[in-house]
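The values are calculated or read from the model by the stated rules, or taken from the named source; none is laboratory data. Being a predicted model, the structure only gives us computed values, none of them experimental. In this analysis, Cβ positions are derived from the backbone assuming ideal geometry, glycine residues included, and neighbour counts consider all displayed protein chains. Ligands, DNA and RNA are excluded from the accessible area calculation, which covers all protein heavy atoms including side chains. Shrake-Rupley method; radii C 1.70, N 1.55, O 1.52, S 1.80 Å.
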Amino acid sequence: MSFSNLSYVQPTSESPWGTYLGQIDRVVPYLGRLARWTDTLRRPKRSLIVDVPIEMDDGRIAHYEGFRVQHSLTRGPGKGGVRYHPDVTLEEVMALAAWMSIKNAAVNLPFGGAKGGIRVDPKALSLKELEKLTRRYTSEIGIIIGPQQDIPAPDVNTNAQIMAWMMDTYSMNVGATATGVVTGKPLHLGGSLGRVKATGRGVFVTGREAARRLGLDLQGARVAVQGFGNVGSSAAELFHQAGSKIVAAQDHTGTIFNAHGFDLAELMPHVRSTGGVAGFKGADKIANDDFWNVETDILIPAALEGQIDVARARKLKTKLVLEGANGPTHTAADDILAERGILVVPDVICNAGGVTVSYFEWVQDFSSFFWTEDEINVRLDKIMVGALKNIWDAADRHKITLRTATFAVACERILAAREERGLYP
Ligand code: NAD
């Protein structure tokens with residue numbers, strides 16, 4: 001495998017782009033005659049790096065690095081979130097954009113894959129500074145986004161308010177209200193019911209189906225969740241409602257444990273009011289590293305990439321890993337989990353619920369006709385169950401992991417479309 005496929009990034013086997021390249025290498029044997037197009041997937045179609053200068057509240061001028069990467073536009077407009085985090089790099093955004101191409105194709109949504117980000121600690125900004133940052137970034141990437149070009153959405157540290165500012169800025173620049181330019185918007189601005197919790201719901205639906213196939217009863221199942229933000233907390237709530245016990249949770253504030261399961265009706269308001277799980281009275285505080293030693297039936301990484309490395313994969317005591325986060329498992333660790341018989345539902349299908357309801361939002365915005373939350377949830381459930389079944393059949397047919405099977409299904413769709421469109425000129 002060549003990790004230096006592009007001059008402008010230096011990936012390693014454990015970095016996000018290197019992990020993605022390794023995943024592509026593994027799928028090539030299953031692509032048949034389409035394999036000759038594989039290099040298309042090894043390079044993003046378009047990567048935009050922008051300077052985002054803003055005047056801070058104290059009068060200083062601060063500059064931030066912003067990115068928008070469109071990995072593939074073969075099957076439709078780009079689609080993928082925007083992340084605000086101090087560790088954001090071009091290489092990370094490239095990998096996240098590529099995983100969006102795979103995810104959108106795996107669920108058969110009519111989108112390519114894209115992702116954006118700003119290298120910033122948003123928690124250190126005032127609300128006004130955050131708004132200026134968002135508006136300037138939107139203007140800078142405005143040359144490549146649009147309802148038919150590329151449609152951003154929330155990701156780590158971005159939310160409905162940030163999407164509202166993005167939508168307003170883009171609309172001001174084009175001179176018309178363009179609700180379809182972003183998804184994950186507030187309900188008043190063309191947002192969709194069910195969007196906020198959709199990713200967590202998708203994690204639950206794929207987890208429920210995987211547990212059924214494993215013969216694992218959700219009633220009483222022990223669940224640990226890393227990342228108690230949008231995805232982690234929504235998934236935790238649904239498992240809790242299904243009778244599972246959430247025994248451990250970790251976020252940037254610390255790690256908590258209760259062998260009997262947390263009372264979520266108390267934990268959720270605690271997280272909302274304090275900003276994290278630390279200090280929750282209904283649980284014991286444990287060392288962050290001990291999170292990976294907790295005995296569970298289901299583990300949900302729902303924070304950042306690269307959390308399950310080889311050492312952690314060797315010691316995990318669980319039966320099922322549901323990848324709520326994007327790219328949480330190193331490739332070598334993935335192999336160890338497979339050897340140890342721990343089933344992994346990979347990110348590229350497990351967390352596809354968010355983009356699926358984003359697709360519903362985009363469709364509703366175009367038709368200016370909005371669905372009920374029940375309609376959204378029923379349609380989401382049906383799409384996720386169907387997509388997972390298709391992937392599971394491919395895994396059984398080729399005797400490969402669910403991850404490689406998801407890549408096989410998705411890459412075949414992308415490359416078949418690539419071949420049918422042909423190369424321009
Ligand atoms: P969020 O900002 O709402 O929550 C992130 C959580 O991760 C927080 O609880 C934070 O405390 C925790 N965290 C941050 N750094 C950590 C660390 N070093 N150790 C432990 N915990 C840490 O973000 P989110 O939207 O829930 O996204 C979480 C993951 O899910 C990301 O990988 C994201 O790409 C992925 N994802 C999100 C969506 C979506 O719709 N929001 C869709 C698909 C995938």
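Please go through (1) surrounded by fewer than 23 Cβ atoms within 10 Å (Cβ to Cβ); (2) within 29 Å of Val196 (Cα to Cα); (3) more than 15 Å from the ligand (Cβ to nearest atom) for Leu388 and return the number of the only condition it doesn't satisfy.
(1)
Suppose the filter is open to solvent by less than 10 Å² (accessible area, probe 1.4 Å) and over 27 Å from Val82 (Cβ atoms); does Val27 pass it?
Yes; evaluated as a whole, the condition is true for this residue.
How many residues, within segment 35-65, are surrounded by 13 or more Cβ atoms within 10 Å (Cβ to Cβ), of a type outside the set (D, E, K, R) and assigned to a loop (DSSP other than H, G, I, E, B)?
Residues in segment 35-65 being surrounded by 13 or more Cβ atoms within 10 Å (Cβ to Cβ), of a type outside the set (D, E, K, R) and assigned to a loop (DSSP other than H, G, I, E, B): 2 in total.
For segment 205-316, which helices (runs of 4 or more DSSP H) that fit wholly inside it have 1 or more residues that are within 29 Å of Arg379 (Cα to Cα)?
Counting at least 1 such residues, we get 230-241, 264-274.
Please go through (1) within 16 Å of the ligand (Cβ to nearest atom); (2) among the β-branched types (Val, Ile, Thr); (3) open to solvent by 10 Å² or more (accessible area, probe 1.4 Å) for Ile151 and return the number of the only condition it doesn't satisfy.
It fails just one condition, (3).
Let's see how each residue does on (1) over 21 Å from the mean Cα position of the chain (by Cα); (2) under 17 Å from Val203 (Cα atoms); (3) in the same structural domain as Thr89 (by TED's automatic domain parsing); (4) among the aliphatic types (A, V, I, L, M):
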site	(1), (2), (3), (4)
Gln307	no, no, no, no
Val310	yes, no, no, yes
Lys315	yes, no, no, no
Leu320	no, yes, no, yes
Val344	no, yes, no, yes
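If I ask for residues that are away from the ligand (no atom under 13 Å from the Cβ) and either crowded, with 24+ Cβ neighbours inside 10 Å or under 23 Å from Trp37 (Cα atoms) (or both), which ones from segment 71-97 would you list?
His71, Ser72, Leu73, Thr74, Arg75, Gly76, Pro77, Gly78, Glu91, Met94
If only one of His270, His240 is more than 15 Å from the ligand (Cβ to nearest atom), farther than 22 Å from Pro154 by Cα and not hydrophobic (A, V, I, L, M, F, W, C), which one is it?
Exactly one residue qualifies, and that residue is His240.
Only one of (1) away from the ligand (no atom under 11 Å from the Cβ); (2) open to solvent by 70 Å² or more (accessible area, probe 1.4 Å); (3) not hydrophobic (A, V, I, L, M, F, W, C) is not met by Asn288, so which one is it?
The one condition Asn288 does not meet is (1).
Name the single residue that is surrounded by the most Cβ atoms within 10 Å (Cβ to Cβ) among those in segment 335-356 being within 16 Å of the ligand (Cβ to nearest atom) and in a helix (DSSP H, G or I).
Ranking the qualifying residues of segment 335-356, first place goes to Cys350.
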